[in-house]
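The values are calculated or read from the model by the stated rules, or taken from the named source; none is laboratory data. Note that the structure is a prediction, hence the values are computed from the model and not measured. Glycine gets a Cβ as well: all are built from the backbone with ideal geometry, and neighbour counts include every protein chain shown.
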Amino acid sequence: MVQDERRNMVSWRLYQFFVLWLLVRFVWSLVVPGGSWPLPPEHYIDMALDLAMLLVVIFLRVRMFATPDDPRRAFANLLCVVGVVSGLGLLGIRFTSKAAWWTGHLTQGAIF
């Protein structure tokens, strides 16, 4: 019983971390202009990692809160929405322009 509670707490912390990571990366990609274009396989790896994190958020949400009596369920639902929107936004930014496809940022150019 104690081990199940501990595993659930670790899953909860991982869930929060992945949602926060996706949110920060999404805001970063929206606000900060992209720099130089990466070498060809790097942007595919970056997109695969974004998709993997999105799937991990969904998987952890389903696995952790299958029972309706958990008091964190409402907050987890909010985090799930934030994580899914951020993850899909990261992937969606890639389709806005050729520069965005390569850099993953909405705008291209220098910051100042």
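If a residue counts only when it is polar (S, T, N, Q) and either in contact with an Asp or Glu (Cβ under 9 Å, 6 or more places away or on another chain) or touching a residue at least 40 places away in the same chain (Cβ under 8 Å) (or both), which helices (runs of 4 or more DSSP H) contained entirely in the chain have at least 1 such residues?
2-31, 73-93, 98-103
Test of understanding: among MET64, MET47, MET53, which residue is modelled with pLDDT under 90, aliphatic (A, V, I, L, M), surrounded by 13 or more Cβ atoms within 10 Å (Cβ to Cβ) and touching a Lys or Arg at 6+ places or on another chain (Cβ under 9 Å)?
Exactly one residue qualifies, and that residue is MET64.
Name every residue in the range 17-39 that is among the polar types (S, T, N, Q) and surrounded by 17 or more Cβ atoms within 10 Å (Cβ to Cβ), in order of residue number.
Correct list: SER29 only.
Quick test of your reading of the structure: LEU90 fulfils all but one of (1) out of contact with any Lys or Arg (no Cβ under 7 Å at 6 or more places or on another chain); (2) closer than 30 Å to SER11 by Cα. Name the failing condition by number.
Unmet for LEU90, out of (1) out of contact with any Lys or Arg (no Cβ under 7 Å at 6 or more places or on another chain); (2) closer than 30 Å to SER11 by Cα: (1).
Suppose the filter is surrounded by 13 or more Cβ atoms within 10 Å (Cβ to Cβ), modelled with pLDDT of 90 or more, among the charged types (D, E, K, R) and under 15 Å from the mean Cα position of the chain (by Cα); does ARG13 pass it?
no
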